[in-house]
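First the structure, in the form of structure tokens, and then the observations on it.
All of the numbers you see were taken from the coordinates with simple rules; none came from a lab. Fair warning: this is a prediction, and the values are worked out from it, not measured in the lab.
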Amino acid sequence: KGADGGPEVFKPTGKKEGILDEMKDMKIEGRADVPEWMKPSEDLLSKVNQDKELASAVDNARITKAIDEVAKDPQAWLRYKDDPEVSSYFMKMMGVFGKQFEEHEAKAGRKP
């Protein structure tokens, strides 16, 4: 119940950081089994938000469903591989992660 005894009202904040919000909530920062370059960072979030298609994916039910399913079962990708909108999202996101990996390796003095 709300402060006035009536129903509790939840108002949207209007703030969306993009599709990686869920990653930020996964508490993967301290996990040793997740490579450093895959962990959510301001740099990674910035790259995603700079791309209109990637940033708006959070509002696309079909893409968010595909992300959820593929995260739980990589074989689920087979259901979406022929969907142009979903496959375009995944290809762009893989490109972002690829660039993150290359930059991480370069900073570490290694060639990717």
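Per 0.36 nm of contour for each residue apart, how much would the distance between residue 38 and residue 64 grow if the chain were fully extended, relative to their Cα-Cα spacing?
Extra length from residue 38 to residue 64 when fully extended: 7.5 nm.
Using all alpha carbons of region 41-101, what is the percent of pairwise distances in each 10 Å bin, ordered from the shortest bin to the longest?
22, 54, 24, 0
Stretched out fully, how many nm does the piece from residue 73 to residue 106 gain, at 0.36 nm a residue minus the Cα gap?
8.8 nm
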